[in-house]
There are 2 protein chains.
Amino acid sequence: MSEHPNIQEAKRPERATADTVAKLAGVSRVAVSRAFNPHASLKKEKRDLILKIAKELGYTPDMAGRALVTRRSHLVGVIVPDVCSPWESQEIDALTTALQGEGFATLLFKTRTDQSMDERLLTYMKGFNLDSIIAFAENVSPDTLTHSLGRAVPIYVSYSEDGSLPNQPGSTSVFDRLIVDQKTGIDQAVALMQAYGCRNFAYLGGTTTSLANTERERAFKCIMKERGLPDPLVLQGDYTYETALASTLDLFKVGEGVDGIFSANDVGAFGVIDALRFQLGLRVPEDVKVVGFDDIAQSGWLSYNLTTVKIDLEDRVRALVRLILRRLKDPNAPAMTETLQTRLIVRGTVGS
Amino acid sequence: MSEHPNIQEAKRPERATADTVAKLAGVSRVAVSRAFNPHASLKKEKRDLILKIAKELGYTPDMAGRALVTRRSHLVGVIVPDVCSPWESQEIDALTTALQGEGFATLLFKTRTDQSMDERLLTYMKGFNLDSIIAFAENVSPDTLTHSLGRAVPIYVSYSEDGSLPNQPGSTSVFDRLIVDQKTGIDQAVALMQAYGCRNFAYLGGTTTSLANTERERAFKCIMKERGLPDPLVLQGDYTYETALASTLDLFKVGEGVDGIFSANDVGAFGVIDALRFQLGLRVPEDVKVVGFDDIAQSGWLSYNLTTVKIDLEDRVRALVRLILRRLKDPNAPAMTETLQTRLIVRGTVGS
DNA sequence: ACGGATAGTGAAAACGTGTTCATTTTAAAT
DNA sequence: ATTTAAAATGAACACGTTTTCACTATCCGT
């Protein structure tokens with residue numbers, strides 16, 4: 001086994017391995033491994049030599065081999081129904097940046113359009129031995145995930161303090177959670193709309209199976225009651241522009257006289273605004289006031305200039321990464337909860 | 001080695017491995033491997049038994065172990081400067097769907113804001129042993145990529161027939177390419193603008209280092225000349241809404257009397273439109289006509305209703321996946337080229 | 001019934017890495 | 001100078017899989 005590999009090596013410039021570097025540096029292969037692990041003890045000059053030769057050869061530790069023994073793939077799975085959706089693409093972007101800085105890469109998986117997951121896909125995902133999983137698709141049950149996903153611990157995002165879904169009594173597994181307090185921001189929104197004279201409110205929902213939507217609707221109704229306002233009209237939606245547009249047209253076909261619409265997301269609010277302005281000949285904000293949720297980049301564009309409830313994206317991603325890293329460092333640590341606030345961003349769709 | 005693993009197994013429910021399945025099914029581990037490889041020869045009833053037991057145990061072949069010996073990671077890298085950019089997020093979405101169907105997962109990497117890549121990141125990427133790489137960031141030179149990326153063969157997207165960047169004479173490596181013929185669509189756009197009376201054209205560029213932008217500008221100027229029109233004014237841009245807005249304001253500050261603006265991308269066109277309508281008090285399309293490029297979903301929204309040059313996303317992704325799979329099947333196949341057409345989508349920003 | 005081809009099978013050897021463990025070298029402390 | 005602790009080192013093993021390579025059972029046609 002001393003000269004044999006050279007024959008193959010002569011044929012093609014084979015990928016440099018730790019052994020290649022070790023022989024060239026006159027050290028053992030273990031030393032090469034240690035050179036790439038900052039915490040391992042290795043004489044400084046020897047490490048420098050190894051790293052120098054490694055760079056010349058273009059050697060990089062192979063993740064597959066490393067994953068096999070360390071049981072760390074350095075891969076974080078992101079399950080998402082639709083990458084194009086602005087809020088989600090913004091979060092994926094920020095998440096990728098943050099994780100990349102910590103030495104992890106994000107692996108993208110798409111659910112079916114109904115946000116459910118193929119059995120085949122789950123099996124497939126398991127094979128990658130993901131270090132962590134973030135489920136944007138809220139139609140994937142925690143138990144399904146843990147059952148199908150080896151050692152990776154999913155992180156769940158809840159939208160109310162009482163944690164409506166994960167950590168059920170029946171389930172043995174405990175999840176780290178990020179709780180988003182949506183009520184504060186929504187209350188500010190309703191207060192502003194009320195101050196500008198709204199009397200008849202409507203709530204345009206997102207996908208009905210979405211946890212975020214369920215809690216937004218609940219919070220909205222609760223606030224209406226607290227402020228002594230009548231129960232709002234609820235429009236069916238699915239977070240898309242097209243459906244929002246159609247639902248708004250339907251709403252005003254029966255002439256309800258609604259003068260304040262709160263949408264479960266910004267893209268939906270765009271649909272509402274365009275329906276009002278271009279199809280119904282109504283003015284925003286003079287005739288109807290509109291508020292969205294998310295504060296995506298497009299909400300600042302002048303054509304919409306949308307007043308909206310903001311979840312601070314950087315805070316959110318920072319919290320997620322913190323949870324992921326902590327769980328990775330100590331898999332047996334007790335479940336942890338991070339909390340996030342929301343606040344109203346005032347622009348031009350309620351009053352000037 | 002017969003009873004030893006059971007001790008560990010008793011402690012925690014260890015991840016099921018091929019050996020676990022093999023022992024339970026009373027076959028060799030090789031049989032298990034074959035059961036999961038459809039092309040391997042294995043008695044049907046034995047395969048069924050193995051797959052059944054595997055499902056009960058929740059066993060899935062480990063990708064790391066598999067990658068080590070097959071030299072196929074089933075990972076496709078996507079290098080992108082900004083996931084949020086609508087066109088790119090749409091393409092990532094479609095690509096992920098298509099690749100997922102073929103058994104590959106997409107791994108996301110972000111460049112720095114100047115679209116260049118950290119040396120550290122390249123080294124890092126190499127470690128994942130990617131099966132293929134698609135570079136959305138056009139500031140990463142082909143040679144840098146091939147030098148730093150083991151056996152993965154990058155796919156390049158060019159925007160002119162003469163292939164301005166890859167396959168240079170100096171470079172030894174040959175790349176598969178996807179050529180987008182932008183001229184046809186741009187010519188249709190100019191023709192329409194001209195028909196509606198445009199006399200003074202301006203071109204709002206994207207990032208100057210972007211290949212797509214360079215070729216779009218070249219094609220636009222060429223068409224202007226062919227149609228006997230004067231050289232267009234060129235505005236600096238970077239594909240963002242904010243810069244487009246600012247550039248448009250600058251343009252009309254000197255009162256050039258421009259009546260037709262062609263933007264290198266749709267998001268830029270949105271900035272142009274909003275500057276004209278909300279800051280300069282001009283009407284679109286009556287006073288100034290605007291055309292974009294890409295045909296992202298937002299271009300159909302009524303507030304913009306943008307006339308734009310479309311690259312068919314599904315065709316594009318289909319072609320990319322075709323190139324990737326072909327290269328993977330035969331790494332030594334000669335370089336291949338796919339070509340894509342563009343065409344104008346007429347909406348409301350040129351004339352009704 | 002017989003030869004030959006074919007499908008089915010498992011033992012052993014990879015693939016590239018991190019980690020134990022026992023050993024040697026170096027540094028620090030008396 | 002001598003003891004004690006700490007740091008540095010490499011051999012062997014482990015991780016989970018696929019791929020040779022022989023070998024056996026099964027099938028077909030004359």
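The values are calculated or read from the model by the stated rules, or taken from the named source; none is laboratory data. Bear in mind the structure is a predicted one, so any value in this text is a computation, not a measurement. Note that we place each Cβ from the backbone using ideal geometry, even for glycine, and neighbour counts take in every protein chain shown. The accessibility values were calculated without ligands, DNA or RNA, using every heavy atom of the protein model including side chains. Shrake-Rupley method; radii C 1.70, N 1.55, O 1.52, S 1.80 Å.
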- Hey, B:VAL267 under 21 Å from the mean Cα position of the chain (by Cα) and either within 14 Å of chain A (Cβ to nearest Cβ) or part of a helix (DSSP H, G or I) (or both) or not: yes
- Scan the range A:270-283 for residues that are more than 11 Å from chain B (Cβ to nearest Cβ) and surrounded by fewer than 24 Cβ atoms within 10 Å (Cβ to Cβ) and report the count. 4
- Query: Within the range B:81-91, can one find any residue that is assigned to a helix (DSSP H, G or I), open to solvent by less than 30 Å² (accessible area, probe 1.4 Å), of a type in the set (D, E, K, R) and within 7 Å of another protein chain (Cβ to nearest Cβ)?
  - Reply: no
- Inside the range A:208-248, can you point out the residues that are open to solvent by less than 30 Å² (accessible area, probe 1.4 Å) and either of a type in the set (Phe, Trp, Tyr) or over 24 Å from A:PRO86 (Cβ atoms) (or both)? A:PHE220, A:ILE223, A:MET224, A:LEU229, A:PRO232, A:TYR241
- Note on the structure: Filtering the range B:313-338 down to residues that are closer than 21 Å to B:GLN188 by Cα and either touching a Phe, Trp or Tyr at 6+ places or on another chain (Cβ under 7 Å) or in contact (Cβ under 8 Å) with a residue 60 or more places away in the chain (or both) yields B:LEU313, B:ARG316
- Note on the structure: Within the range B:118-156, restricting to residues that are open to solvent by 30 Å² or more (accessible area, probe 1.4 Å), in a loop (DSSP other than H, G, I, E, B) and among the charged types (D, E, K, R), the one that is modelled with the highest pLDDT is B:ASP118
- Has the range A:220-240 got at least one residue that is within 14 Å of chain B (Cβ to nearest Cβ) and in contact (Cβ under 8 Å) with a residue 24 or more places away in the chain? yes
- Can you name the number of the only condition in (1) within 8 Å of another protein chain (Cβ to nearest Cβ); (2) among the small types (Gly, Ala, Ser); (3) closer than 17 Å to B:VAL321 by Cβ that B:GLY77 fails? (1)
- Query: Looking at (1) in contact with a helix residue (DSSP H, G or I) (Cβ under 7 Å, 6 or more places away or on another chain); (2) at the interface with chain B (Cβ under 10 Å from one of its Cβ atoms), which is the only condition A:ARG47 fails?
  - Reply: (2)
- Scanning the range A:98-131 residue by residue, the ones that are without any contact (Cβ under 8 Å) to a residue 12 or more places away in the chain and facing another protein chain (nearest Cβ under 7 Å) total 2
- Identify, please: which residue in the range B:14-31 is touching a helix residue (DSSP H, G or I) at 6+ places or on another chain (Cβ under 7 Å) and within 14 Å of another protein chain (Cβ to nearest Cβ) and is, among those, nearest to DNA strand C (Cβ to nearest atom)? B:ALA18
- Task: Scan the range A:63-91 for residues that are within 16 Å of B:GLY77 (Cβ to Cβ) and touching a residue at least 40 places away in the same chain (Cβ under 8 Å) and report the count.
- Result: 6
- Task: Would you tally the residues in the range A:326-352 being assigned to a helix (DSSP H, G or I) and open to solvent by 50 Å² or more (accessible area, probe 1.4 Å)?
- Result: 2
- Note on the structure: Residue pairs qualifying under the 8 Å Cβ cut-off, at least six apart or on distinct chains, with the first in the range B:293-312 being within 9 Å of chain A (Cβ to nearest Cβ) and the second being open to solvent by 10 Å² or more (accessible area, probe 1.4 Å) and not in a helix (DSSP H, G or I), are B:ALA297/A:CYS84; B:GLY300/B:ARG347; B:ASN305/B:ARG347; B:ASN305/B:GLY348
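Yes or no, residue by residue, for (1) buried (at least 19 other Cβ atoms within 10 Å of the Cβ); (2) away from DNA strand D (no atom under 12 Å from the Cβ); (3) within 38 Å of the chain's Cα centre (by Cα):
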position	(1), (2), (3)
A:GLU45	no, no, no
A:ASP48	no, no, no
A:ILE53	yes, yes, no
A:ARG71	no, no, yes
- Within the range A:270-300, residues part of a loop (DSSP other than H, G, I, E, B), touching a strand residue (DSSP E or B) at 6+ places or on another chain (Cβ under 7 Å) and on the phi > 0 side of the Ramachandran plot come out as A:ASP295
- Looking at A:ASP82, A:ASP118, A:ASP62, A:ASP93, which one is among the acidic types (Asp, Glu), more than 12 Å from DNA strand C (Cβ to nearest atom) and either over 25 Å from A:ARG316 (Cβ atoms) or outside the structural domain of A:ARG326 (by TED's automatic domain parsing) (or both)? A:ASP118
- Answer yes or no as to whether A:ALA191 is modelled with pLDDT of 95 or more and either within 19 Å of the chain's Cα centre (by Cα) or over 30 Å from B:LEU57 (Cβ atoms) (or both). yes
- Message: Considering only residues that are surrounded by fewer than 23 Cβ atoms within 10 Å (Cβ to Cβ) and assigned to a loop (DSSP other than H, G, I, E, B), which ones fall in the range B:301-312?
- Response: B:LEU302, B:SER303, B:ASN305, B:ASP312
- Note on the structure: Across (1) charged (D, E, K, R); (2) open to solvent by 60 Å² or more (accessible area, probe 1.4 Å); (3) part of a strand (DSSP E or B), B:ARG177 clears everything bar (2)
- Message: Filter the range A:95-117 down to the residues that are open to solvent by less than 30 Å² (accessible area, probe 1.4 Å) and among the polar types (S, T, N, Q) and list them by number.
- Response: A:THR96, A:THR106, A:THR111, A:GLN115, A:SER116
